[in-house]
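Presented below is the structure to which this report refers.
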Amino acid sequence: MINKLTFVTGLAIGYVLGAKAGRERYEQIRKLSGTVASSPPAQKAGHAAAGLGREAGVKAGRAIGEHLPERVGRHLPDRFGGHGTNGTSVTSRRGQGL
């Protein structure tokens, strides 16, 4: 109950202070954030982060591609000729509750 009261009080104070700051302060903050976002260091950091994200996605895709046929083959032997990826026979597990 005290946590809710504290939260609501903080919310009310934030609302009042925000309303007093008004539209002019909002525009100042918006312009400043736009300037920072378009600065060369921020652009460089953004491109670096995007590159890291792409690399991680490629690695994940490769890992999935390497292991997926092996794992699916174990659970669906009838669809893959009854053999695992290493050529050994795979027995059906139907009725055993995968």
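Under the rule a/c < 1.5 gives rounded, and otherwise a/b versus b/c splits prolate from oblate, where does the stretch 2-60 land using the Cα gyration tensor?
Because a/c hits 1.5 or more and a/b fails to exceed b/c, the stretch 2-60 counts as oblate.
If the reach is capped at under 25 angstrom between alpha carbons, list the lysines near K59, excluding any in the same chain fewer than eight residues apart.
Partners found: K44.
When R23, R30 are ordered from fewest to most other Cβ atoms inside 10 Å of their Cβ, what list results?
By the 10 Å Cβ count, ascending, the order reads R23, R30.
Reachable lysines from K20, Cα under 28 Å, same-chain residues fewer than 8 places away excluded?
Partners within reach: K4, K31.
Please compute the modelled spin-label separation between K4 and E24, points set 7 Å along Cα→Cβ, answer in nm with one decimal.
Label-label distance for E24 and K4, simple model: 4.0 nm.
Every number in this text was worked out from the coordinates using simple rules, so none of it is lab data. Values in this document were obtained by computation on a predicted structure and should not be read as measured data. Cβ sites come from the backbone with ideal geometry, for glycine too, and all protein chains shown count toward neighbours.
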